[in-house]
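The values are calculated or read from the model by the stated rules, or taken from the named source; none is laboratory data. Everything numeric in this text was worked out from a predicted model, so none of it was measured. Neighbour counts run over all protein chains shown; Cβ positions are idealised from the backbone, glycine included. Please note that ligands, DNA and RNA were not included when accessible areas were found on the heavy atoms of the full protein model with its side chains. Shrake-Rupley method; radii C 1.70, N 1.55, O 1.52, S 1.80 Å.
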Amino acid sequence: MISYCIIDRQPDSVQRMINDIVTFDGVLKLVGTAADGESGLQMVSVLRPDLILVDTSLEITADQALTVQS
């Protein structure tokens, strides 16, 4: 199972779209949503999802960063 988080001003609409795209039951599990970059970064650091879907129009301040670690 792949865990994912959504960082978007309108996470419900994004979640509905993803659920429509994903046709395999149990492949993705939504573990958290956030409406802004700051709370999204805090959520991701705690939940550590496999996948993060981010609204690219959100403003992220210079001291915030989303990083990928393998």
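If the condition is being open to solvent by less than 40 Å² (accessible area, probe 1.4 Å) and part of a strand (DSSP E or B), then the range 29-41 contributes 32, 34. Between 57, 70, the distinction of being modelled with pLDDT under 85 and open to solvent by 90 Å² or more (accessible area, probe 1.4 Å) belongs to 70 only.
Filtered by the rule that a residue be closer than 13 Å to residue 51 by Cα and surrounded by fewer than 12 Cβ atoms within 10 Å (Cβ to Cβ), the range 3-28 gives a lone residue, 27.
Residues of the range 42-51 that are out of contact with any Phe, Trp or Tyr (no Cβ under 7 Å at 6 or more places or on another chain), open to solvent by 50 Å² or more (accessible area, probe 1.4 Å) and not in a loop (DSSP other than H, G, I, E, B): 42, 45, 46, 47.
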